[in-house]
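Structure first, commentary second.
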Amino acid sequence: MDVIALRAATPGCAHRLHLNNAGAALMSSDTLTAMTDQLDLEARIGGYEAAEQAQGRISDTYAGLAELVGGRPSEIALFDNSTHAWNAAFYSVPLRPGDRILTGRNEYGSNVLAYLQVAQRTGAEVVVVPDDESGQIDTRALAGMIDSRTRLIGLTWVPTSGGLVNPAAEVGRIARDAGLLYLLDATQVVGQFPIDVGALGCDLLTGTGRKFLRGPRGTGFLWAREDALDRLDPFVAEIRSAEWDGGRSFTWAPGARRFETWENSYVNIIGLGAAVRQALALGLDMIGRRTRALGAMLRDRLDALDGVLTHDLGVERCAIVTAAVEGHPAVEVAKALAAERINVSTTIPEHNQFDTENRGVHPLVRFSPHYFTTEAELDRCVEVVAGLPRITRS
């Protein structure tokens, strides 16, 4: 991987030390150009007409996402963010009083709220599977908690709150053996390391463009396994997702398009396609090796500082690193880093409800390097953290 060339093709690298790729990554020049070219075309000839001319690139976005996850283009639906993609999947699962939803302690905050809302509406039950001793979802406990009332397993593969990589494929094996629908939130995985929906055994997978995929904000997608569609009832019908039969009924659009809505930002979709192709050209195996290595380096260097403690869980960890700095609220640390032109984020309890119940460590500072990050940048970040006052050094 030619990191120097990749940085030269990433305008943001000239302005910031960007360790907030789990929030929104820096776009490349190629992605930016693809978007501005389409926006210019819309301005010159009209939005509908520009979309018509761009049909090849729009189709390429579906094909690229399918290749990225190991599925088919007909199994991809596009959205304006990953939460809407996840909602389209989850709210389409028919649930009745007494039905059970099994999920993990590291589930994303918006997913948790959706579970709770549907439980209140339908009388279904939300069951939280415990963590094992490493902090990842306990797959033995999960298998033992499945009963005749279980309808869905929902899992966040990598949480927003840390570097944990949950054993998503093992959860998929358990779901397949039990004949259960399995919804996998891969928002923090897409673009960070490889995805193979066949090996994962999930029925539904959601992702975003803006994070490690390095695409634009306002993009998300759902992959829906073809043979799972008959078990779902899409919760919105509109002119993109369904076709009027001429009477008083309709039929759903084929494949995953039944979850989409008609209006889209094709500027963003084309930008998403450019980002996908860049990731595929680099190779997700190579990207995954580098991002994991950078995460491990940063985690080790922060842990070596007196007064700093990282809080990432699990047997396998990724490029997301969360830490607490003794004597400093997380938001103060983030502001101090921002003053040095270093971008980071923070976790908050409200986005990690079940994890907060169990650990109570939030808020934390969240660092998330990407493959264009250099070791020198990691050293600079650690230097600034070490220079914060009231850290006792041995």
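The values are calculated or read from the model by the stated rules, or taken from the named source; none is laboratory data. Bear in mind the structure is a predicted one, so any value in this text is a computation, not a measurement. Don't worry about glycine lacking a Cβ; one is built from the backbone with ideal geometry, like all the others, and counts go over all protein chains shown.
Please determine, by comparing only the residues of the range 206-236 that are among the β-branched types (Val, Ile, Thr) and in a loop (DSSP other than H, G, I, E, B), which one is modelled with the lowest pLDDT. By that ranking, first place goes to 236. Using the structure shown, decide if residue 284 is more than 30 Å from residue 243 (Cβ to Cβ) and hydrophobic (A, V, I, L, M, F, W, C). Answer is yes for this residue. For the range 98-116, a residue qualifies if it is within 22 Å of residue 207 (Cα to Cα) and outside any loop (DSSP other than H, G, I, E, B), and the qualifying residues are 101, 102, 103, 104, 109, 110, 111, 112, 113, 114, 115, 116. Please specify each residue of the range 339-388 satisfying the condition of being without any contact (Cβ under 8 Å) to a residue 12 or more places away in the chain and assigned to a loop (DSSP other than H, G, I, E, B). Matches in the range 339-388: 360, 387. Checking each residue in the range 201-228 for being on the phi < 0 side of the Ramachandran plot and among the basic types (Lys, Arg) picks out 210, 211, 217, 225. Could you grab me the full set of residues in the range 247-257 that are touching a Ser or Thr at 6+ places or on another chain (Cβ under 8 Å) and either buried (at least 22 other Cβ atoms within 10 Å of the Cβ) or in a loop (DSSP other than H, G, I, E, B) (or both)? 253, 254, 256 - these are the residues of the range 247-257 that are touching a Ser or Thr at 6+ places or on another chain (Cβ under 8 Å) and either buried (at least 22 other Cβ atoms within 10 Å of the Cβ) or in a loop (DSSP other than H, G, I, E, B) (or both).
Is it fair to say residue 63 is out of contact with any Ser or Thr (no Cβ under 8 Å at 6 or more places or on another chain) and in a strand (DSSP E or B)? No; evaluated as a whole, the condition is false for this residue.
Note on the range 127-142: residues that are of a type in the set (A, V, I, L, M, F, W, C) and buried (at least 19 other Cβ atoms within 10 Å of the Cβ) amount to 4. Would you check if there is a residue in the range 34-42 being buried (at least 20 other Cβ atoms within 10 Å of the Cβ), of a type in the set (Val, Ile, Thr) and either assigned by TED's automatic domain parsing to the domain that holds residue 263 or part of a helix (DSSP H, G or I) (or both)? Checking the range 34-42: not a single residue is buried (at least 20 other Cβ atoms within 10 Å of the Cβ), of a type in the set (Val, Ile, Thr) and either assigned by TED's automatic domain parsing to the domain that holds residue 263 or part of a helix (DSSP H, G or I) (or both).
Would you check if residue 373 is crowded, with 17+ Cβ neighbours inside 10 Å, within 25 Å of the chain's Cα centre (by Cα) and within 21 Å of residue 157 (Cα to Cα)? So residue 373 fails the test.
Looking only at residues that are surrounded by fewer than 24 Cβ atoms within 10 Å (Cβ to Cβ) and under 30 Å from residue 293 (Cβ atoms) in the range 143-167, which one is farthest from the chain's Cα centre (by Cα)? Result: 167. Looking only at residues in the range 319-334 that are outside any strand (DSSP E or B) and among the small types (Gly, Ala, Ser), the one that is surrounded by the fewest Cβ atoms within 10 Å (Cβ to Cβ) is 327. All of (1) out of contact with any Phe, Trp or Tyr (no Cβ under 9 Å at 6 or more places or on another chain); (2) in contact (Cβ under 8 Å) with a residue 40 or more places away in the chain; (3) within 30 Å of residue 59 (Cα to Cα) hold for residue 155 with one exception: (1). For the range 278-318, the set of residues classified as β-branched (Val, Ile, Thr) and in a helix (DSSP H, G or I) consists of 287, 291, listed by residue number.
For (1) more than 23 Å from the chain's Cα centre (by Cα); (2) exposed (fewer than 13 other Cβ atoms within 10 Å of the Cβ); (3) not assigned by TED's automatic domain parsing to the domain that holds residue 222, each residue gets a yes or a no:
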site	(1), (2), (3)
19	no, no, yes
62	no, no, no
79	no, no, no
88	no, no, no
92	no, no, no
96	yes, yes, no
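Kindly evaluate residue 385 against the criterion of being over 25 Å from the mean Cα position of the chain (by Cα) and crowded, with 22+ Cβ neighbours inside 10 Å. Considered against the rule, which asks whether it is over 25 Å from the mean Cα position of the chain (by Cα) and crowded, with 22+ Cβ neighbours inside 10 Å, residue 385 comes out as yes.
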